[in-house]
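*Asks:* My structure is below; once you've seen it, I'll send some questions.
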Amino acid sequence: MQLITSLSIKNPEYFSKDRFISYHHQLRLISSLGSEVNNILEIGIFNSLLTELLKLNGYNVTTADVDPNLNPDVILDLAADFSLPKDKFDVIVLFQVLEHLPYEKSEYALKKLAEITKKFLVISIPQNTLFLTIHFRSSYSVRSRHLFINIPKFWLSNPLCDQHYWEMGLKGYSKQRILHSIAKVGLSVKQEFIDPTNPYHYFLVLEKNSAII
């Protein structure tokens with residue numbers, strides 16, 4: 001009951017099936033990091049759903065957001081010259097956040113977060129593509145199979161959301177550019193994941209390189 005009452009569904013359309021798919025993978029990818037992860041900094045909270053799910057699973061969660069009306073534990077503007085305690089958080093998570101900054105600022109924010117996290121960052125960014133998914137599932141198996149075709153919209157420049165400065169796959173923002181930025185700030189890709197039923201959210205589990213520890 002506490003979880004239900006803490007979530008105010010002012011806009012039911014926001015809680016779409018695709019968004020719940022993303023919540024599932026957010027929690028799953030964080031859990032995949034194992035028992036060494038306990039203290040989490042969640043940046044960009046909007047609602048408290050992921051926070052509550054993490055707490056219910058035994059994690060210590062500190063929330064951060066630029067909007068004080070969301071009552072985060074920390075007021076944090078990634079576009080500014082922010083500071084946070086170094087090595088306090090085992091993992092910093094930010095899902096669908098970086099694209100709300102101009103690309104150069106998002107890269108700088110990623111660099112600072114790489115220095116701050118104790119070991120991991122788990123992120124998602126929008127991937128703007130043309131895609132076709134064919135889903136196979138039978139009553140004889142709990143596992144699903146997909147035929148998935150995914151083509152970046154490299155000939156287009158406008159993001160799907162007017163609050164985004166950029167989206168991966170659009171002109172000038174190839175996957176290769178994003179991966180180069182990740183490597184440049186001292187992070188390595190531990191895992192990347194796309195759910196064929198919601199490929200707009202591209203997930204990355206990033207690990208801090210020993211050179212910046």
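*Asks:* Of all beta bridges DSSP finds with both residues in the chain, what is the antiparallel percent, to the nearest 5?
*Replies:* Restricted to the chain, the bridges split so that about 55 percent are antiparallel.
*Asks:* Also: If you count, for each residue, the other Cβ atoms within 10 Å and average over each peptide, how do 129-141, 17-29 line up from highest to lowest?
*Replies:* In descending order of packing, they fall as 17-29, 129-141.
*Asks:* Can I ask one more? Could you state the principal axis extents of the C-alpha atoms in the chain, from the largest down, to the nearest angstrom?
*Replies:* Each principal axis gives a Cα extent; for the chain these are 47, 46, 35 Å.
*Asks:* What distance in nm lies between label points placed 7 Å from Cα along the C-beta direction at PHE82 and ARG137?
*Replies:* 3.6 nm
*Asks:* If r is the Cβ-Cβ distance from ILE75 to LEU156 and R0 is 35 Å, what FRET efficiency results, to the nearest 0.05? Don't skip to the answer; put the middle values down first.
*Replies:* Numbers: r = 35 Å, r/R0 = 1.00.
About 0.50, to the nearest 0.05.
Throughout, read-outs are computed from the coordinates displayed, never taken from laboratory work. Treat the numbers as computed from the prediction; the structure is a model and nothing was measured. Cβ sites come from the backbone with ideal geometry, for glycine too, and all protein chains shown count toward neighbours.
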